[in-house]
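Only the coordinates and a few stated rules stand behind these numbers; no lab work does. From a predicted model like this one, the values you see are computed outputs, not experimental measurements. Every residue, glycine among them, receives a Cβ derived from its backbone with ideal geometry; neighbour counts consider all protein chains shown.
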Amino acid sequence: MSYKLGLNIATKYSPNFNFRKRKKKSIKFIIIHYTGMKKESDSIKRLCDVRSKVSSHFVIRRNGKVLILVPELYEAWHAGISKWKNLNSLNRFSIGIEVCNPGHKNGYKKFSKEQFLSIKKILKLLINKYQINIKNILGHSDIAPSRKKDPGEYFPWKDLAKINLSHWHSLNLKRLSKLRKIRLTQKDELEFLKNLYKIGYSKMKKINPYKNMKYLTIAFQRRFRQDLINGKIDKECLVISKNLLKS
């Protein structure tokens, strides 16, 4: 890749990737993560430690500087057990971006302005290079809802959508807020769940139906209703899900 647009790029290669080169056309997704550790240096060390068996293609530091850990045409180990629509093991089809943030267990904080600018530039470059559909720019919690919370409710999906770098709904927020906490019938709840499957969220066969619904609802809310994440399905959630399917 030719890195332009004022990105501050450095290279620190990780050994944690599959050595077999993949075809450019196989890359269909971009998966966003947070590092989830208190210190940036510890996060980067872990991603480059052969014993950890984890890595990503890029790391974006708090100051906006970008580290390349794995060349794009190699499969980095960032998604783990994951699923979206009919695809399993998203590592094979994706580019992983780790954004430095301590995460929910260590004092989760808002992403910096410098990080946002670098995220925006990286996404533009990758979307153009690999012709990636913005609906395929996902969070780790989208593809592994029972295991992961990242990049979390502070990640600027809505702001990225304003510049066509993320999928978001087109609803009026004031009108939408009036639907919040309005309870649904069981039929409507099932419709919401079916909408999530159509969007791409997957059924988790080893988890009972109630927990499955809660995990999926929380992942959906972290992505599309970030100011209230309670795992409860209400009319606001249902209307958002319907709108996303229309867009």
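Could you work out how far helix 113-130 tilts from the main Cα principal axis of the chain, as a 0 to 90 degree angle to the nearest 10?
90
What are the trypsin sites (Lys or Arg not before Pro) within the stretch 153-182 that DSSP puts in a loop, where the Cβ has at most 14 other Cβ atoms within 10 Å?
Working: sites: 158, 162, 174, 175, 178, 180, 181; in loops: 178, 180, 181.
Passing sites in the stretch 153-182 are 178, 180, 181.
If you take the beta carbon distance between residue 226 and residue 22 as r and set R0 to 30 Å, what does 1/(1 + (r/R0)^6) give as a FRET efficiency, to the nearest 0.05? Walk me through the numbers on the way to the answer.
On the way: r = 33 Å, r/R0 = 1.10.
Rounded to the nearest 0.05, the efficiency is 0.35.
Please list, short to long, the whole-number percent of alpha-carbon pairs of the stretch 173-246 in consecutive 10 angstrom bins beginning at zero.
Taking every Cα pair in the stretch 173-246, the percentages come to 19, 59, 20, 2.
So what's the net charge close to residue 60: Lys and Arg +1, Asp and Glu -1, counting the other residues with Cβ under 9 Å from its Cβ?
Values: positive: 61, 62, 65; negative: 98, 114.
Result for the neighbourhood of residue 60: +1.
Excluding residue 114 itself, what net charge comes from residues whose Cβ is under 10 Å from its Cβ, given Lys and Arg +1 and Asp and Glu -1?
Working: positive: 61, 62, 65, 113; negative: none.
Combined, the nearby Lys, Arg, Asp and Glu give +4.
Given a Förster distance of 41 Å, report the FRET efficiency between residue 243 and residue 13 from their Cβ-Cβ distance, rounded to the nearest 0.05. Please report the intermediate quantities before stating the final value.
Values: r = 42 Å, r/R0 = 1.03.
With a Förster radius of 41 Å, E is 0.45.
Among 12/205; 109/162; 12/214; 12/148; 53/121, which pairs are too far apart, with a Cα-Cα distance over 32 Å? Numbers along the way, then the final one.
Numbers: 12/205 38 Å; 109/162 22 Å; 12/214 39 Å; 12/148 26 Å; 53/121 28 Å.
Going by Cα-Cα distance, 12/205; 12/214 fall outside the 32 Å limit.
Compute the distance from the alpha-carbon center of the stretch 81-112 to that of the stretch 166-240, in whole Å.
Using only Cα atoms to place each centre, the spacing works out to 20 Å.
Counting DSSP beta bridges with both partners in the chain, what percentage is antiparallel, nearest 5?
On the way: 8 of 23 bridges.
Of those bridges, close to 35 percent are antiparallel.
Could you give the length gained by full extension between residue 177 and residue 113, i.e. 0.36 nm per residue of separation minus their alpha carbon distance, to one decimal place? The partial results should precede the final answer.
Values: separation 64, 0.36 × 64 = 23.04 nm, distance 2.72 nm.
That works out to 20.3 nm of additional length.
Could you run the Karplus curve 6.51 cos²θ - 1.76 cosθ + 1.60 with θ = phi - 60° over the stretch 143-148 and give me ³J(HN,Hα) per residue in whole Hz, x for Gly and Pro?
Going residue by residue, I get 9, 9, x, 7, 10, 10 Hz, with x marking Gly and Pro.
Using only alpha carbon pairs under 8 Å that are at least six residues apart, calculate the relative contact order of the stretch 173-246 and give it in whole percent. Walk me through the numbers on the way to the answer.
Numbers: 61 pairs, mean separation 35.7, N = 74.
After rounding, I find 48 percent.
Filter the chymotrypsin sites (Phe, Trp or Tyr not before Pro) in the stretch 36-92 to those in DSSP coil with at most 16 other Cβ atoms within 10 Å of their Cβ, and list the result.
Details: sites: 58, 74, 77, 84; in loops: 74, 77.
Taking the stretch 36-92 and a limit of 16 other Cβ atoms within 10 Å, the loop chymotrypsin sites (Phe, Trp or Tyr not before Pro) found are 74.
On a 0 to 90 degree scale, rounded to 10, what angle separates helix 186-199 from the longest Cα axis of the chain?
Compared with the principal axis, the helix lies near 20 degrees.
If I take every Cα pair under 8 Å that is 6 or more residues apart in the chain, average their sequence separation and divide by the length, what percent do I get for the relative contact order?
Values: 450 pairs, mean separation 48.4, N = 247.
Worked out over the chain, it gives 20 percent.
With axes computed from alpha carbons, what is the tilt in degrees of helix 235-246 against the longest principal axis of the chain, rounded to the nearest 10 within 0 to 90?
Here the helix axis deviates by roughly 60 degrees.
Compute the signed sum of charges (Lys and Arg +1, Asp and Glu -1) over the other residues within less than 13 Å, Cβ to Cβ, of residue 246. Provide the component values of the computation, followed by the final result.
Details: positive: 135, 198, 242; negative: none.
Net charge around residue 246: +3.
About its Cα centre, what dipole magnitude does the chain give when the only charges are +1 on Lys and Arg Cβ and -1 on Asp and Glu Cβ, stated in debye to the nearest 20? List each step's numbers first, then the result.
Details: 56 positive and 17 negative charges, 69 e Å.
With only Lys, Arg, Asp and Glu charged at Cβ, the dipole is about 340 debye.
Would you please name the chymotrypsin sites (Phe, Trp or Tyr not before Pro) within the stretch 15-51 that are DSSP coil residues with at most 14 other C-beta atoms within 10 Å of their C-beta?
When the chymotrypsin sites (Phe, Trp or Tyr not before Pro) of the stretch 15-51 are filtered for loop state and at most 14 Cβ neighbours within 10 Å, 19 remain.
Counting helices only, and only those DSSP H runs with n ≥ 4, report the 222 nm mean residue ellipticity of the chain as the sum of -39,500 (n - 2.57) divided by its residues, in deg cm²/dmol to the nearest 500. If you can, show how the numbers build up before the last one.
On the way: 8 runs with 83 residues, N = 247.
The helix contribution divided over the chain gives -10000 deg cm²/dmol.
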